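Quick notes on the structure that follows.
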Amino acid sequence: MVNQILMKKEIDYLSNLLEKPSKPFVAVIGGAKVSDKIKTIEKMLVLVDSLLIGGAMAYPFLNAKGVSVGRSLCSNEDISLARQLLQADRGNKIKLPI
């Protein structure tokens, strides 16, 4: 019963966050592969004021912008997806590490 109450609170909170977010709305996303989170990133770009991309997920985006990432692993698929997302980011919402 307690778990159900906690889950309901979490769902209510997240639903409210996505439907009526406070401004500025900034999201942070990371992970290893852009392809695993492409739908989430696309949805977040519509909702957020800024999307901070970090961790290993930043490498394909940096590579797509022409920044050398050395031996960091990033697949051609992820670089291609990152390039598409950067081109679609008309509001300059995607922020990458320097």
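Readers should treat all values here as calculations from the given coordinates under stated rules, not as data from a laboratory. Since this is a predicted model, take the numbers as computed values, not measurements. As a convention, Cβ positions derive from the backbone with ideal geometry for all residues, glycine included, and neighbour counts pool all protein chains shown.
Would you please name the residue that is surrounded by the most Cβ atoms within 10 Å (Cβ to Cβ), looking only at residues in segment 51-90 that are under 24 Å from Pro24 (Cβ atoms) and free of Cβ contacts under 8 Å to residues at least 12 places away in the same chain? In this case the residue turns out to be Gln87. On the stretch given as segment 1-49, residues that are in contact (Cβ under 8 Å) with a residue 12 or more places away in the chain, surrounded by 10 or more Cβ atoms within 10 Å (Cβ to Cβ) and among the basic types (Lys, Arg) total 2. None of Asp12, Asp49 is under 16 Å from the mean Cα position of the chain (by Cα) and of a type in the set (Asp, Glu) except Asp49.
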